[in-house]
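To start, the structure itself, in C-alpha cells.
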Amino acid sequence: MGGGGGGAGGGSGNALHPEKVKIVATCLVVAVGVYLLGLYLKSGAEWRSNLSLSLNMKKKKKKPIRVYMDGCFDMMHYGHCNALRQASALGDQLVVGVVSDDEIIANKGPPVTPVHERMIMVNAVKWVDEVISDAPYAITEGFMKKLFYEYNIDYIIHGDDPCVLPDGTDAYALAKKAGRYKQIKRTEGVSSTDIVGRMLLCTRERSISDSHNHSSLQRQFSHGHSQKFEDGGSGSGTRVSHFLPTSRRIVQFSNDKGPGQDARIVYIDGAFDLFHAGHVEVCYAFPVYSHVRAF
Ligand code: CTP
C-alpha cells in the first residue's frame, strides 16, 4: 500500500499545473503567430519586388515606334539625308522604302541610278535601320496594310512638298486618311532634277557660245527651283544653297563619338562630286571605321 501511495504521490508531483499549461500554450500560439507574420511579410515584400520588376521590364520593353519613309533617292544628295535625319527623329526605328526603277519610270521618268545603287546609298546613311527594296511610288491600300501588319510601321513620313501621281491624286492620301501620316520639312535648294540640270549646264558651259540654250537651261533648273547664283544670276552658275551650315546643324549631322584611343585613322580625299555607291564602298573598305558611315 505504502509503495502504491508513494507512486501516487510521485505522479501528482509531475503533473502540469493548469497555469503553466496556459503559459506554455500562449507562448506556442505567439511563436506560431510571429512565424506566420514573418512569412506573410516576407512573401509580401517578394511579391512587391516582383511586381516592380515586371513593371520595370514592361517599361523597358515598350514597343519601339517604327516610322517609314519612301523615296526614289536618285543621285542621293544632302536634301535626302536631311529628310532621313528628320524622319528618324520622329520614331525609334526608321525603315526606308526605295522605289523600284519601273515605278519611277511610270511616275516621273527614268532614274539616273539603278535601284541596287540607290539601295547602297540609302543603306549607308546612319539614321536608317532597315531598307525595303522595290517599294511602290504610291502608298496603296495593300502596301499600307503590309507596312502596318508585316513591318509594324506606326507612321508613314514624307517631305512637305506635294507628291502627286500622274492622275493628279496625292500619293499619300490613304496614309493621311488613316491618321498615320507625318511630315518633315523639305530641304530647299537641292533636288535630283536640279542636279540633272546642273550637269546639263556643265556641258553647256564648255560650249558657251550657245548662250541662248544656256540661259534657258539656267531658268529651267535654277530659277525654277528658287535658286540663287552668287554672281546675281548672270554668270558661271555657282549655287547658293538654302541649307544653312550652322554649328547646330553640323552637330545634328556629326557622329556623336570620336575615334577611340587606339583607333587607326585613315584619311581619304576626293572631290566627291555626286556622291555615289562607289564612294560608299571605298569608305567601307576600312571596316574598323564605323564612323566613316556616309553623311
Ligand atoms: N526630300 C527632301 N528635300 C529635298 C529632296 C527630297 O526633304 N531637297 C525628301 C522628299 O520629300 C521625300 C524623300 O526626301 O520624302 C525622298 O525624296 P525622293 O523620292 O527622291 O523625291 P524627290 O522629291 O523627287 O527628290 P528630288 O527632288 O531630289 O528628286
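Nothing in this text is a laboratory measurement; each read-out follows from the coordinates by a stated rule. Note that the structure is predicted; figures quoted are calculated from it, not measured. Neighbour counts are summed over all protein chains in view; Cβ atoms, including those assigned to glycine, are modelled from backbone coordinates with ideal geometry.
Table for the structure above
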{"read-out": "All aspartates and glutamates inside 14 Å of Lys61 as judged from Cα atoms, apart from same-chain residues fewer than 8 positions distant", "value": "Asp92"}
{"read-out": "P(r) histogram, all alpha-carbon pairs of the range 44-100 included - 10 Å bins from 0, percent", "value": "20, 31, 17, 15, 11, 6, 0"}
{"read-out": "Residue pairs, from the table Lys63/Lys182; Lys126/Lys177; Lys182/Lys257; Lys108/Lys185; Lys20/Lys42, whose Cα atoms sit over 25 Å apart", "value": "Lys126/Lys177; Lys182/Lys257; Lys20/Lys42"}
{"read-out": "Peptides 147-154, 111-118, 40-47 ordered by average Cβ neighbours within 10 Å, highest first", "value": "111-118, 147-154, 40-47"}
